[in-house]
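The values are calculated or read from the model by the stated rules, or taken from the named source; none is laboratory data. Fair warning: this is a prediction, and the values are worked out from it, not measured in the lab. Cβ: placed from backbone, ideal geometry, glycine included. Neighbour counts: every protein chain shown. All accessible areas refer to the heavy atoms of the entire protein, side chains included, with ligands and DNA or RNA removed. Shrake-Rupley method; radii C 1.70, N 1.55, O 1.52, S 1.80 Å.
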Amino acid sequence: SILKFVLQGDSTGLSPFGNPEMVPGVPENRKFQGPMVGHFVCVDGFGSPSAEERKAGLAMHGEAYLQPWVPIRAGKEGAQTHVTFAVDLPLLHEKFTRTFRMLDGENVVYVESELESALAFDRTANWAEHPYLFPPFLEPENTVVDISGVKSKTREYSGDRPRLKLASFKDFDWPLAPAKDGGVVDVRAQPPGESWSGHTTTLIDTSRRLGFVTAINTARGYVLGYLFRREEYPWVQNYMNYMPNGWSGRGLEFATQPFDLPRREMVDLGSMFGTPVYRWLPAKSKIASRFLLFWARAPEGMRRVDDVRIEGDSIAIEDAGAGKTLRLRAAAAQGLL
C-alpha cells in the first residue's frame, strides 16, 4: 500500500490517505480496515470470495495485499528514482510485480505492474486499484470527486440496509445518483451533517484512450488524481462510507469490473453497458497495466476537474468552467499513450 503521500516541503504534511493526528477529536476508523488502507491493489480478485473460495482460504480483495512484498531492485539513474516489488500469490498460482518511478521535480508517481499465471489454462482476472481517502483531506462539502465518464449504475443490494442512501441497481448519469426515497443525490461531495453509505460504478468514456478520476479539497487547495488506460481499467467505482463520528472514508476504485463481486458473478454478468467486466489472463503468460498518480496544490478557484490530458512532457488538469488549468511536469507520461 501507499500509506502516505505528501508534498516535499509542505509543512502541513497533509496526505489524501488520512492524517489521524490532525483530527484528534475524531475516532480513527482506519485501524478497523486492517491492511485495506491507503492505495492498495486488489488482485487477483475484488470483493468477497465465493463460499467455496473462502473455504479454500481466499480472503476479500484477492491475495496481493495480504502477502509479503519483496523488493527486488531499487536505485536512482539520473533524475529517476525507482523501486520494484514482487509478491507470490500461492492460492491463485500467480505472481504480481509492481514498479514505482519518480522523476526529480515532479508531482507524479508512475506505476507499472505485471500479473503472471503459473497455470496451463486461460482464466479470468479481477484487478482493481483501491485508493482510499480519509480525513482531513476528505471533508464534507469540500472534497469533490470527478470522473471521465457519465454512464453509471448503483450497486445492487438486497435486504434492509438502513445506512444505504442510494436506490439499488439503477442506471444514472454521473454525478446525480437515484436515492432510495425517490430523490436524487449529487455524489461528487459528501453532504454536510449526513451519515450514510453508497456504492456506484461509472464507465470510462469509450471515446477516450485514457481515463481519469480526481479528488479536490477546495478549501485546503489540494488535488489528487489518477490517469490510466481505459482498456485496462474501464470502470471507476465510487464507494462512500460517511460515518456519524466524523471519520469517513471514500474509495476511488478504478478496475476491470464494475462492482466488488466474486469472480463467478462477473463471469455470469459478462458485460455491462456493452463493456467487459473482467480481463483474460492467458495460460503461462503475463498481463500488464500502467497508470500515474499526482498530488499537488490546486490553483485558487479550481472547483472541479473537467479533463486530465497529456500535453507533451506535462499533464494538464482543467476546470473549464472556472478557466483554471493546472499543468504538472510529467516527462514519462507519454508511456501511457
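Suppose we keep only residues that are acidic (Asp, Glu) and at pLDDT below 95 within region 1-43. Which one would you say is farthest from Asn217 (Cα to Cα)?
Among residues in region 1-43 that are acidic (Asp, Glu) and at pLDDT below 95, the one farthest from Asn217 (Cα to Cα) is Glu28.
Counting residues that are in contact (Cβ under 8 Å) with a residue 24 or more places away in the chain and of a type in the set (Gly, Ala, Ser), which strands (runs of 3 or more DSSP E) fully inside region 281-337 reach at least 1?
286-297
Among Leu261, Leu337, which is over 30 Å from Ser48 (Cα atoms) and either crowded, with 19+ Cβ neighbours inside 10 Å or not β-branched (Val, Ile, Thr) (or both)?
Leu337
Name the residue, out of Thr218, Thr202, that is touching a residue at least 24 places away in the same chain (Cβ under 8 Å) and more than 17 Å from Val308 (Cα to Cα).
Thr218
Quick check on region 16-41: of everything there that is surrounded by fewer than 21 Cβ atoms within 10 Å (Cβ to Cβ), assigned to a loop (DSSP other than H, G, I, E, B) and not hydrophobic (A, V, I, L, M, F, W, C), which residue is nearest to the chain's Cα centre (by Cα)?
Filtering region 16-41 for residues that are surrounded by fewer than 21 Cβ atoms within 10 Å (Cβ to Cβ), assigned to a loop (DSSP other than H, G, I, E, B) and not hydrophobic (A, V, I, L, M, F, W, C), the one nearest to the chain's Cα centre (by Cα) comes out as Pro35.
Give the residues of region 270-280 that are without any contact (Cβ under 8 Å) to a residue 12 or more places away in the chain and farther than 12 Å from Trp235 by Cβ, sorted by residue number.
Once the filter is applied, which keeps residues that are without any contact (Cβ under 8 Å) to a residue 12 or more places away in the chain and farther than 12 Å from Trp235 by Cβ, region 270-280 yields Gly270, Gly274.
Does Lys4 satisfy being in a loop (DSSP other than H, G, I, E, B), among the basic types (Lys, Arg) and under 30 Å from Asn142 (Cα atoms)?
Spelling it out, Lys4 is indeed in a loop (DSSP other than H, G, I, E, B), among the basic types (Lys, Arg) and under 30 Å from Asn142 (Cα atoms).
Restricting attention to region 255-279, which residues are charged (D, E, K, R) and either outside any strand (DSSP E or B) or touching a Cys at 6+ places or on another chain (Cβ under 6 Å) (or both)?
Asp260, Arg263, Arg264, Glu265, Asp268
Out of curiosity, is Val109 part of a strand (DSSP E or B), open to solvent by less than 80 Å² (accessible area, probe 1.4 Å), farther than 22 Å from Cys42 by Cβ and touching a strand residue (DSSP E or B) at 6+ places or on another chain (Cβ under 6 Å)?
no
Considering only region 42-91, state which residues are open to solvent by less than 20 Å² (accessible area, probe 1.4 Å), part of a loop (DSSP other than H, G, I, E, B) and out of contact with any helix residue (DSSP H, G or I) (no Cβ under 9 Å at 6 or more places or on another chain).
His61, Gly62, Glu63
Checking the structure you have, find out if any residue of region 188-201 is open to solvent by less than 60 Å² (accessible area, probe 1.4 Å), at pLDDT below 95 and within 18 Å of Thr218 (Cβ to Cβ).
Among the residues of region 188-201, at least one is open to solvent by less than 60 Å² (accessible area, probe 1.4 Å), at pLDDT below 95 and within 18 Å of Thr218 (Cβ to Cβ), which makes the answer yes.
Based on this model, can you work out whether Tyr239 counts as modelled with pLDDT of 95 or more, in contact with a Ser or Thr (Cβ under 6 Å, 6 or more places away or on another chain) and aromatic (Phe, Trp, Tyr)?
Judged against the criteria, Tyr239 is not a match.
May I ask you to verify whether Arg98 is of a type in the set (Lys, Arg) and more than 17 Å from the chain's Cα centre (by Cα)?
For Arg98, the condition - of a type in the set (Lys, Arg) and more than 17 Å from the chain's Cα centre (by Cα) - is not met.
Out of everything in region 140-184 that is among the charged types (D, E, K, R) and part of a strand (DSSP E or B), what residue ends up being nearest to Leu14 (Cα to Cα)?
In this case the residue turns out to be Asp146.
For Thr256, are the conditions met, namely being over 13 Å from the mean Cα position of the chain (by Cα), within 15 Å of Thr202 (Cα to Cα) and in contact (Cβ under 8 Å) with a residue 40 or more places away in the chain?
So Thr256 does not fit the description; no.
Open to solvent by 30 Å² or more (accessible area, probe 1.4 Å) and under 25 Å from His130 (Cβ atoms): which single residue out of Leu292, Leu269, Leu281 fits that description?
Of Leu292, Leu269, Leu281, the one residue that is open to solvent by 30 Å² or more (accessible area, probe 1.4 Å) and under 25 Å from His130 (Cβ atoms) is Leu269.
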